[in-house]
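As structure tokens, the structure follows; a few thoughts come after it.
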Amino acid sequence: MKGKFITLEGPDGSGKTTVSLKIVQLLQQQGYKVMLTREPGGVDIAEQIRNVILDKKNTAMDAKTEALLYAAARRQHLVEKVLPALQQGYIVICDRFVDSSLAYQGVGRQLGIDKVYAINLFAIEDIMPDKTIFFDIDYQLGLQRIRKNERVSDRMDEASQDFHKMVYDGYLQICQKYADRIVKIDASQDVDHVVEAAMKEIKKVLC
Ligand code: TYD
């Protein structure tokens, strides 16, 4: 694969989306070919799956169905968008990838990290990111930010505090398990500092 695959992970309200836009702008100004995308979504059918999963009316969806839907959306997004861009030499910055499923469905919804990884094997085969940046922020601060920004909340945002705590703990476990791939940055700082920290990590992968 010619390009580089970089994923951004973190709890809800960790600032990935704001920071990713700035990172892409900076990399483009420096002459890199960059593509920004996100999960769940990024391509038409996956956006439709996203609407189903995150719809506040679907509170009764069981954890395994949820994990399978995320994996199906992931497969489509990977095949249609991410892999072609990597083959063309793009740096692909992806807001969430398989680690979100490991943290949210594996730990938050208690399916188990290994089980969720197994469910995802059909979706990702052996494709893992070259680098994953974990936006480390206390889950309560993240939720506070969502409320303050008055972002429209979705089904996941509205889950209980206990769920969000488990997701955060899940991320810490994943950071340990994949220590060679995942790097933590302090996402409680102001945006410019988070951008600077993320750029520093991305540059290490590019040279
Ligand atoms: P989104 O609005 O994109 O949240 P954010 O901007 O914080 O990334 O909603 C995505 C939600 O879906 C988020 O709460 C995390 C959740 N999610 C999973 O539970 N499993 C997954 O595999 C993925 C990709 C996301």
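Among the numbered conditions (1) out of contact with any Lys or Arg (no Cβ under 7 Å at 6 or more places or on another chain); (2) in contact (Cβ under 8 Å) with a residue 24 or more places away in the chain, the only one that Cys175 does not meet is (1). Cβ-Cβ distances below 7 Å connect the following pairs, each with a first residue in the stretch 8-21 that is at positive phi, a second residue that is assigned to a loop (DSSP other than H, G, I, E, B) and more than 7 Å from the ligand (Cβ to nearest atom), and a separation of six or more residues or different chains: Gly10/Ile137; Gly10/Ala187; Gly15/Ala187.
Can you find, within the stretch 161-174, the residue that is nearest to Asp130 (Cα to Cα) among those that are surrounded by 19 or more Cβ atoms within 10 Å (Cβ to Cβ) and within 16 Å of the chain's Cα centre (by Cα)?
Top of the filtered list is Ile174.
Screening Ile91 on (1) of a type outside the set (D, E, K, R); (2) on the phi < 0 side of the Ramachandran plot; (3) touching a residue at least 40 places away in the same chain (Cβ under 8 Å); (4) surrounded by fewer than 14 Cβ atoms within 10 Å (Cβ to Cβ) shows it passes everything except condition (4).
Examine the stretch 5-24 for a residue that is over 18 Å from the mean Cα position of the chain (by Cα), surrounded by fewer than 17 Cβ atoms within 10 Å (Cβ to Cβ) and more than 12 Å from the ligand (Cβ to nearest atom), and state whether such a residue exists. Spell out the reasoning first.
Step one: list which residues in the stretch 5-24 are over 18 Å from the mean Cα position of the chain (by Cα), which gives none.
So far as the stretch 5-24 goes, no, none of its residues is over 18 Å from the mean Cα position of the chain (by Cα), surrounded by fewer than 17 Cβ atoms within 10 Å (Cβ to Cβ) and more than 12 Å from the ligand (Cβ to nearest atom).
Condition check ((1) on the phi < 0 side of the Ramachandran plot; (2) within 11 Å of the ligand (Cβ to nearest atom)) across all residues:
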| site | (1), (2) |
| --- | --- |
| Ile53 | yes, yes |
| Asn58 | yes, no |
| Ala71 | yes, yes |
| Arg74 | yes, yes |
| Gln110 | no, no |
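Values quoted throughout were computed directly from the atomic coordinates according to the rules given, and no laboratory measurement underlies them. Here the structure is a predicted model, which means the values were calculated and not measured. Positions of Cβ are backbone-derived with ideal geometry, glycine not excepted, and every protein chain shown enters the neighbour counts.
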